[in-house]
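Heads up, the thing below is written out as C-alpha cells.
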Amino acid sequence: MAEIKKELLIIGAGPAGLGAALYARRADIDFEITEKHMPGGQIVNTEFIENYLGSKKESGFELIQGFVGHCKELDIEVKEYSSIASIEPVKGKNQFKCKVYDSDHTYKVSSIIMATGASPKRLNLKGEKELIGSGISFCATCDGALYRDKVVAVVGGGDTAVEEALFLAKFASTVYIIHRRDELRAVQILQDRAFENKRIKFLWNTVVDKFVGESKLDHIFIKNLEDKKVSRLDVDGLFEYVGYVPNSKLVKDLVELDQDGFIVTDQYMRTSRPGIYAAGDVRNTPLRQVITAVSDGAIAATVMDKHMRGLL
Ligand code: NAP
C-alpha cells in the first residue's frame, strides 16, 4: 500500500475545507484535501445564499462552483469520493496515519484539519426509517418540486426549517410547520417571511408521534404537547429539519468533544490534540454559516502554518 506523505490533510471540501485549502496554498503548505462526496457540503442543497458578503442571491451550488473554481485557479485539486476511514497517531512522532476507504494508499501527515461538517439529525420515530426517500425527506431543494399543489409538513423551528418551508411554499398548496414550542428559533427575517406566507400554517407545541404508510408516506399522527391529544394529519410529504449531528466520529477517541459530539476548539481552531484542528460546522461554534466556516478554515490553515514555522 502506497504511503503519501504530506504536511497537512484537510478532510472535507465544504466552505470550511475550501477556505483552509486557499490559505494553505497561499502559505505554500504541502497538503491534500479529500472529500467523501462532491465538494460543497450542506450548502449545495440551499436555494439561495443571501448572508454571504457579495453573494447576490446565488444558489448554494453556484456559490460553491465559485469557491471550487477559485481553488482550481490555484491548482488545488479536491480528491473527490475519497473517504478517510481512520486516523491513527504514529507512536513517538508528531504524525498521523490516515487510512482511506477502498483505496490503495494511506496518508502520513503531521497536521489534520477536520472540516467534515454535520449531517441532518433524524427524529428516530416508528415507521420513519422505512419511509425515508418515500415521502420523508431532508432536502426540500432536491424533492420540493415533487409536491406541487400537495400538502407537506416541515418539522423544526430553526433557520433551516423556516427557510425550507418558504421554499416548499412555492410548490405545495399547504406547508405545515410542526414545532415543539410556541416560538420559532429562526432568525427574525425568516420568521417575518413565514408569517406573511399564506400557504404556511403553524402547528405549535406539537410533535410527530408516528409515520404511517406502506410503500410511501400516507399520513402522520401528531401530538399536542399541551393537551396531549393525538390526531391524524394527512400529508403527502414530510421534511425533517431538527438540527444536525457533527461528523466527528473519526476523532472521537483523539480529541475532546462537547456533550453533543462537536469538536472543542480554541479561537485558533486548535483541538485538545496538537496537530489536529477543526473548522466549520463540526466544531463547537456559536454560528454555523458559510461566512464563519470559510473563516474557520482560513484561521486553521494559518495557525497550522505558523505553528510549523515555530511562530506560534
Ligand atoms: P437548529 O438551529 O438546531 O434548530 C433545530 C430545530 O429543531 C429547533 O427549532 C428545535 O426545537 C427543533 N428540534 C430539535 N430536536 C427536535 C426533536 N427531537 N423534535 C422536534 N423538534 C426538534 O438547527 P437548524 O435550523 O438546522 O440550524 C443549524 C445551524 O445552521 C444554525 O446555527 C443555523 O443558524 C444555521 N443555518 C443558517 C441559515 C441561514 O443563515 N440562512 C440557514 C440554515 C441553517 P427548539 O427550538 O425547541 O430547540
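In nm, what is the difference between 0.36 nm times the number of residues separating Asn197 and Val245 and their Cα-Cα distance?
14.3 nm
Could you give the size of the charge dipole of the chain about its Cα centre, using +1 on the Cβ of each K and R and -1 on the Cβ of each D and E, expressed in debye and rounded to the nearest 20?
Working: 42 positive and 44 negative charges, 107 e Å.
In debye, rounded to 20, the chain gives about 520.
For Tyr176, what residues show an amide H to amide H distance below 5 Å, using hydrogens built from the backbone and excluding near sequence neighbours?
Here Val152, Ala153, Val154, Lys201 satisfy the definition.
Restricting to Cα pairs below 8 Å that are 6+ residues apart, what does the relative contact order work out to for the chain? Please round to a whole percent.
Details: 715 pairs, mean separation 65.6, N = 312.
Rounded, it is 21 percent for the chain.
How long is the gain from Lys216 to Asp182 if the chain were fully straight, where each residue apart is worth 0.36 nm and the alpha carbon distance is subtracted? Could the numbers behind the result be given before it?
Details: separation 34, 0.36 × 34 = 12.24 nm, distance 3.01 nm.
Going from the current span to full extension adds 9.2 nm.
Spelling out what I want: for every residue of the stretch 139-152, take phi, set θ = phi - 60°, compute 6.51 cos²θ - 1.76 cosθ + 1.60 (Karplus), and round to whole Hz; glycine and proline get x.
9, 5, 4, 6, 10, x, 5, 6, 10, 4, 6, 10, 10, 10
Return, ordered by residue number, the residues of the stretch 67-111 whose backbone nitrogen is under 17 Å from a label point located 7 Å along Cα→Cβ of Arg26.
Under cut-off, by backbone N: 67-76.
Label Lys72 and Ile189 with points 7 Å out from Cα along Cα→Cβ: what is the distance between them in nm?
Here the answer is 3.0 nm between the modelled labels.
In nm, give the distance between the simple-model label positions of Met1 and Leu53, each being 7 Å from the Cα along the Cα-to-Cβ direction.
About 4.3 nm separates the two model spin labels.
Between Asp209 and Arg309, what is the FRET efficiency for a Förster distance of 51 Å, r being their Cβ-Cβ separation, to the nearest 0.05? Numbers along the way, then the final one.
Values: r = 58 Å, r/R0 = 1.13.
Calculated transfer efficiency: 0.30.
Which value in deg cm²/dmol, rounded to the nearest 500, describes the helix-derived mean residue ellipticity at 222 nm for the chain, given -39,500 (n - 2.57) per DSSP H run of n ≥ 4 and division by the residue count?
-7000 deg cm²/dmol
Using the basic label-point model (7 angstrom from Cα toward the beta carbon), what is the Lys228 to Lys99 distance in nanometres?
The answer from the label model is 5.0 nm.
Taking amide H positions as placed 1.01 Å from N in the peptide plane, with prolines and chain starts having none, which residues 5 or more places from Asp218, or on another chain, fall under 5 Å of its amide H?
Distant-sequence amide H within range of Asp218: Val212, Gly213.
Using a 10 angstrom cutoff on alpha carbons, build the Gaussian network for the chain and name the most mobile of Gly54, Gly237, Gly280.
Greatest mean-square fluctuation among the candidates belongs to Gly54.
No partner Cβ under 4.7 angstrom, meaning no disulfide-compatible partner by this rule: which Cys of the chain qualify?
Isolated Cys, the chain: Cys71, Cys98.
Running a GNM on the chain with Cα contacts under 10 Å, which residue among Asp75, Asp209, Asp236 ends up with the highest mean-square fluctuation?
Asp75
Run the reach check for Lys210 against aspartates and glutamates, Cα to Cα strictly under 20 Å, same-chain hits fewer than 8 apart removed. What comes back?
Partners within reach: Glu128, Glu130, Asp218, Glu226, Asp227, Asp234, Asp236, Glu240.
Starting from the amide H of Glu58, placed 1.01 Å from N in the peptide plane, find each other amide H under 5 Å away whose residue is 5 or more places distant or on another chain.
Ile49
Once neighbouring chains are kept in place and the probe is 1.4 Å, which whole percent of the accessible area of the chain is contributed by carbon and sulfur?
Details: 7840 of 16230 Å².
Carbon and sulfur: 48 percent of the exposed surface of the chain.
Roll a 1.4 Å probe over the protein chains and send me the accessible area per residue for the stretch 246-312 in Å².
On the way: 3340 Å² over 67 residues.
Per-residue accessible area for the stretch 246-312 comes out at 50 Å².
Checking a compactness column here: for the stretch 133-246, what do you get for Rg(Cα) / (2.2 N^0.38 Å), N being the number of residues? Let's see the in-between values first.
Details: Rg = 13.1 Å, N = 114, 2.2 N^0.38 = 13.3 Å.
Normalised by 2.2 N^0.38 Å, the Cα Rg of the stretch 133-246 equals 0.98.
What pairs in Lys36/Lys201; Lys57/Lys126; Lys6/Lys249; Lys129/Lys201; Lys57/Lys99; Lys36/Lys97 have C-alpha atoms more than 28 Å from each other? It would help to have the intermediate numbers written out before the result.
Working: Lys36/Lys201 38 Å; Lys57/Lys126 38 Å; Lys6/Lys249 22 Å; Lys129/Lys201 26 Å; Lys57/Lys99 39 Å; Lys36/Lys97 18 Å.
Too far apart for the 28 Å limit: Lys36/Lys201; Lys57/Lys126; Lys57/Lys99.
Could you work out the relative contact order of the stretch 130-231, using alpha carbon pairs under 8 angstrom and six or more residues apart, expressed as a whole percent? Kindly include the intermediate steps, with their values, before the conclusion.
On the way: 185 pairs, mean separation 24.7, N = 102.
Relative contact order of the stretch 130-231: 24 percent.
For the stretch 1-130, compute Rg over Rh where Rg is the Cα radius of gyration and Rh is the Kirkwood radius from the inverse mean 1/r over Cα pairs.
Working: Rg = 16.8 Å, Rh = 16.1 Å.
Checking Rg against Rh, the ratio lands at 1.04.
I'd like the orientation of helix 60-73 relative to the chain: the angle between its Cα long axis and the longest Cα principal axis, in ° from 0 to 90, rounded to 10.
10 degrees
The values are calculated or read from the model by the stated rules, or taken from the named source; none is laboratory data. Source: prediction; values computed, not measured. Note: ideal-geometry Cβ built from the backbone for every residue, glycine included; neighbour counts use all protein chains shown. For the accessible areas, the whole protein counts, side chains as well, though only heavy atoms, and no ligand, DNA or RNA atoms are used. Shrake-Rupley method; radii C 1.70, N 1.55, O 1.52, S 1.80 Å.
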